[in-house]
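K.L.:
Have a look at this one before I ask anything.
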Amino acid sequence: MDVNSSIGCRVTECQYHAGDSQHCTLDKIMVGKIESYSSKSEDTDCESFKPKEETAF
Ligand code: SF4
């Protein structure tokens, strides 16, 4: 997988994470809102995230 140096990411649980490098491997991602009005970073979310493994809770 190619590292996209334009998208930094620390979510190592995602199947698109670059591993040793703190980057995403996708060409582009979609960032969405958790709340209807975002006023802080915690209100935003990477909607391109996919878990490495499906985990049953
Ligand atoms: S898809 Fe989103 S969460 Fe996954 S590695 Fe890329 S930026 Fe991170």
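The values are calculated or read from the model by the stated rules, or taken from the named source; none is laboratory data. All values derive from a computational prediction rather than experimental measurement. Methodologically, a virtual Cβ is constructed for each residue, glycine included, from the backbone with ideal geometry; neighbour enumeration extends over all protein chains shown. Remember, those area values only see protein heavy atoms, side chains included, never the ligands or the DNA or RNA. Shrake-Rupley method; radii C 1.70, N 1.55, O 1.52, S 1.80 Å.
K.L.:
Under the condition of being of a type outside the set (Val, Ile, Thr) and more than 6 Å from the ligand (Cβ to nearest atom), which residue from the stretch 3-18 is surrounded by the most Cβ atoms within 10 Å (Cβ to Cβ)?
P.N.:
Ala18
K.L.:
Also, I was wondering about something else. Does any residue of the stretch 8-25 turn out to be at pLDDT 95 or above, within 10 Å of the chain's Cα centre (by Cα) and charged (D, E, K, R)?
P.N.:
The answer is yes, given that some residue of the stretch 8-25 is at pLDDT 95 or above, within 10 Å of the chain's Cα centre (by Cα) and charged (D, E, K, R).
K.L.:
Hey, another quick one. Filter the stretch 22-43 down to residues that are open to solvent by less than 60 Å² (accessible area, probe 1.4 Å) and not in a loop (DSSP other than H, G, I, E, B) and give me whichever is nearest to the ligand (Cβ to nearest atom).
P.N.:
Cys24
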